[in-house]
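Dropping a structure here in structure tokens format, bear with me for questions.
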Amino acid sequence: MSGRGKLKVYLGYAAGVGKTYRMLEEAQELRQKGADIVIGYFEPHGRKETIAKTEGLEVVPRRVLIYNGSQFEEMDSEAVIRRKPQIAVVDEFAHTNVPGSERVKRWQDVHALQEAGIDVITTMNVQHLESLNDQVFHATGIRVRETVPDWVVDEADELVFVDLTPRALRNRLERGVVYSQEKARRAMENFFTETNLTALREMALRHTAHEVEEKLDAAGAAAMLGEVPGEPSDPQTPVKKERILICLTGRPSSAILIRRGKRVADYIHADCLAVHVGDPTHDRDAVERHMSFARNLRIDTHVLPGSDVSGAIAKFARAQGITQIFMGRSAPLPWWKRYRETTVQQVVRQARDMQITIVSERRR
Amino acid sequence: MPSVDNVRPNPEELLRKVQADERRENRGRLKIFLGYASRVGKSFRMFDEGRRRKERGQDVVVGALQSGVTAEIQGILNRLDIVPPIPTRHAGRDYQVMDMSALFRRHPQVCLIDGLAYDNPPGSRNPHRWQDVSELLDRGIAVITAVNLQHIAEQQAAVERITGKRASNSIPEAFLHEADEIEVVDAPPDALRDRQKDSSLPDARCLAELRELALLLAADVVDHQLQEYLDSHGVAARWGAQERILVCLTPRSNAADMLRSGQRNKLRFHGALLAAYVEQADLPPKDRELLDKHLAMAREMGAEVHSLGGSDFVESILQFAREQRITQLFLGHTGRPGHSWLARSPIDRLIDGAEGFDVRLFPHGSAW
């Protein structure tokens, strides 16, 4: 075995920009160079030019599953692993498998392939990145349900941005290249508007730039430990590593808080912790859901019992060497309780030496 | 924050907009392929788009080529009409000058022009090829062209820092912003180097840095386009994908900490850093002095400094944050409860009013 397989992701900003086409184009080039390459999964969407690009490539048959009386087809990861090619092409990285599949997410299937020493080339759209979920919602009004944790994409060896201008994409839609005419018309009125596409495209550009920079930083980490690239190093103020603490509750807005805190932590290269203080039986399911969401994003989670929320947070933050506390906005108190402090006010007072970030909900 | 607000432009603005629209309507469309280095494949992508357009029935003509055409590109060129550029020799240098009069006579729908940043020899119709392109556009001819990062004038200093080299010819970045569309041609540095054993290419690390620069430049162009589109459709500004940080300065705030964090976030997120203060008439001289020191510091750290009017600190800041599409607001706090138990403190009111941005509170430091 030659160790873990490599991962390459073609990143786009919407369906129809040509990710799959580019991926298959590369597959053809590799095949011509004599690589042992197979298609593990490919979604034709009835696009002629794309389908033509699969010609001559070996396809591992999909696995058929029955769910709720309907037939579904998924990648047959085990068959791909048995076939053990050098490289496998796997479309739609963010896809969620039908219940009853071996693994919940396709990216987990891809990991299994990599574990087996197979290099994988895959595709995804920027709106499936967990950290951008709220921004995508704010910009487009669409809440994307199928998400991939950022670390999964960060781990890719290569990320390539597939660009097409929104105008060209809308032309393609009009010509019926991407979807059937009827579906295309609806798409152009809803999701594929000029502003939505432009906003998503900007996110994809910035994210790719960020990933390129992260790779550069990692490569140069030994040489410039703790230094921000481009920032003049100041010997008088050694850069202290930031530690971010996210304060979770059972409230739905905690999901936004987690994503936002983690995104900031990732960008400033801070450690990221999450804590919940409170009666373990109260709101248990909601809190546990947020905790497991945080853990999926590789955040270090803690639960502290007790009723003195602000006191416990301040104490924990101090013990953990936290530099920044992330909190949601406190719910407004009823008027007859206005003389009391909100949790945010209490934390501000008790952790007065720390920075505190209050995250507002991102609405449309 | 409501993302759709009606804004009413004043009459002069409207007139300017109408005139600009008219000019744009008769002008040919400009599309630019942007690459971060040679060999990323922009010329191929440009000519391939020309081929597809021709297959769809558009009248496409090639106006300029670069030397050293690959076999792939030659295959496409064989199927396209070419108006050959005129080889010209001047002061010992060879130039390829676009045959403008032939192009005007031929008047195609679409003209493909490789090497946008080329210079013309002295005595030519225009000193630079991008000016030739501009003339074609004025005559209603659509242009598809390609350019590399190192040829964008405003990016040349940054490129030189990375590669140690500076290209002699360039186009103004404003020309990029004028384009109706720009498309990024992205490829990992390894793919480039395998493509051709080209000794003039910088090493992998430099290429990665150039790649990041090109992606961020494109993101900025796209951001401007989005804002322009929203403005021209009477839609108020809304957040783009860019992080925009606003540091609120007061005499007693810990400005140094806030600005340093702001600058760091600006660099990390490739965002914008703004600083604002609300004018106060009755500021004691000592506070005035402190505030001036903070403002000078902000300018020194590259923040865009704004002075806000208005009688209510909170309202002024909230309105400014909305207008400027702020995503992170930095504010100093003393950690002491507000002066009155019943009145909400300014900080509480700011937090309550924050729609779509985070409020980050900084302790005032030991002195306060």
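Which lysines does A:LYS215 reach when only Cα atoms under 23 Å apart count, and residues fewer than 8 places away in its own chain are ignored?
Within reach: A:LYS6, A:LYS8, A:LYS19, A:LYS240, A:LYS241, A:LYS262, B:LYS266.
Another question about this same structure. Could you pull out the trypsin sites (Lys or Arg not before Pro) across region B:101-160 that fall in loop regions by DSSP (anything but H, G, I, E, B) with no more than 12 other Cβ atoms inside 10 Å?
Loop-located and lightly packed - B:ARG125.
Is the C-alpha gyration tensor of region A:100-145 telling us rounded, prolate or oblate? Criteria: a/c under 1.5 is rounded; beyond that, a/b larger than b/c is prolate, otherwise oblate.
Prolate is the answer for region A:100-145, as a/c is 1.5 or above and a/b outweighs b/c.
Here is a further query. Starting from the amide H of B:ILE141, placed 1.01 Å from N in the peptide plane, find each other amide H under 5 Å away whose residue is 5 or more places distant or on another chain.
Residues meeting the criterion, in which the H sits 1.01 Å from N, are B:GLY28.
Would you mind classifying the protein assembly as shown by shape? Square roots of the alpha carbon gyration tensor eigenvalues, ordered a ≥ b ≥ c; an a/c under 1.5 is rounded, otherwise it is prolate if a/b is larger than b/c and oblate if not.
Taking the square roots of the gyration eigenvalues as a ≥ b ≥ c, the protein assembly as shown is oblate.
Output the Cα-based Rg and Dmax of region B:94-142 in Å, rounding Rg to one decimal and Dmax to a whole number.
In order Rg, Dmax, the Cα atoms of region B:94-142 give 10.3, 30 Å.
Of B:ASN148, B:ASN169, B:ASN78, which has the largest mean-square fluctuation in a 10 Å C-alpha GNM of chain B?
Maximum among the listed residues: B:ASN78.
Separate question: Amide H of A:LEU304 versus every other amide H placed in the peptide plane: which residues, excluding those fewer than 5 positions away on the same chain, fall under 5 Å?
A:HIS276, A:VAL277, A:GLY278
With only Lys, Arg, Asp and Glu charged, each at its Cβ (+1 for the first two, -1 for the last two), find how big the charge dipole of the protein assembly as shown is about the Cα centre; round to the nearest 20 debye. Each step should come with its number before you reach the end.
Details: 102 positive and 104 negative charges, 129 e Å.
Its charge dipole is roughly 620 debye.
Given Cβ point charges of +1 (Lys, Arg) and -1 (Asp, Glu) and nothing else, what value in debye, to the nearest 20, does the dipole of chain B about its Cα centre take?
800 debye
Return one number: the angle in degrees, 0 to 90 and rounded to the nearest 10, between the long axis of the Cα atoms of helix A:194-220 and the longest principal axis of the Cα atoms of chain A.
80 degrees
For B:THR334, B:THR327, A:THR147, what's the fewest-to-most ordering of other Cβ within 10 Å of each Cβ?
Arranged by neighbour count, lowest to highest, B:THR334, B:THR327, A:THR147 become B:THR334, A:THR147, B:THR327.
Tell me, in nm to one decimal, what length is gained between B:LYS17 and B:GLU160 on full extension, where the rule is 0.36 nm per residue of separation less the Cα-Cα distance?
47.7 nm
Run the numbers for A:ASP217 and A:ARG352: contour at 0.36 nm per residue of separation, minus the present Cα-Cα distance, in nm.
45.3 nm
Modelled label-to-label distance, A:ILE51 and A:GLN108, 7 Å Cα→beta-carbon offset: nm?
Distance between label points: 3.3 nm.
So what J values fall out for region B:178-191 if you push phi through Karplus, 6.51 cos²θ - 1.76 cosθ + 1.60 with θ = phi - 60°, rounded to Hz, Gly and Pro as x?
Once rounded to whole Hz, the list reads 6, 4, 5, 9, 10, 10, 8, 9, 10, 7, x, x, 4, 4.
Right, another one. What FRET efficiency comes out for the pair B:ASP231/A:GLU78, r = Cβ-Cβ distance, R0 = 45 Å, nearest 0.05?
FRET efficiency, B:ASP231 to A:GLU78: 0.25.
Kindly state, to the nearest 0.05, the FRET efficiency for B:ASN169 paired with A:ASP308, given R0 = 56 Å and r defined as their beta-carbon distance.
0.25
Run the reach check for B:LYS165 against lysines, Cα to Cα strictly under 22 Å, same-chain hits fewer than 8 apart removed. What comes back?
B:LYS42, B:LYS197
Hey, fewest Cβ within 10 Å first, where do A:TYR267, A:TYR41 land in order?
A:TYR267, A:TYR41
Classify region A:18-108 as rounded, prolate or oblate from the Cα gyration tensor: take a ≥ b ≥ c as the square roots of its eigenvalues, call it rounded if a/c is under 1.5, otherwise prolate when a/b beats b/c and oblate if not.
Because a/c hits 1.5 or more and a/b exceeds b/c, region A:18-108 counts as prolate.
Something else: Between A:GLU194 and A:GLN181, what is the spin-label point distance in nm, taking each point 7 Å from the Cα along the Cα→C-beta axis?
In this crude spin-label approximation the distance works out to 2.4 nm.
Taking the Cα centre as origin and putting +1 on Lys and Arg beta-carbons and -1 on Asp and Glu beta-carbons, what dipole magnitude results for chain A, to the nearest 20 debye?
1220 debye
Still on this structure, I have one more. Using a Förster radius of 41 Å, what is the FRET efficiency between B:THR88 and A:ASN296 based on their Cβ-Cβ separation? Nearest 0.05, please.
In this case the efficiency is close to 0.05.
Would you mind ranking B:TYR95, A:TYR67, B:TYR36 by Cβ crowding within 10 Å, fewest neighbours first?
Details: B:TYR95 18, A:TYR67 12, B:TYR36 28.
Fewest to most other Cβ atoms nearby, the residues stand as A:TYR67, B:TYR95, B:TYR36.
If you don't mind, there's one more thing I want to ask. At 30 Å minimum axial length over the Cα atoms and a Kyte-Doolittle cut of -1.0, report the qualifying DSSP H helices in chain B, or say none.
Qualifying helices, which must be both long enough and hydrophobic enough, are B:204-232.
Using a Cα-Cα cut-off of under 30 Å, which lysines could be cross-linked to B:LYS17, ignoring same-chain neighbours fewer than 8 residues away?
B:LYS31
Bear in mind that the values in this text are calculations on the coordinates, not laboratory data. Keep in mind the model is a prediction, meaning the values are calculated, not measured. Virtual Cβ from ideal backbone geometry, glycine too; neighbours counted across all protein chains shown.
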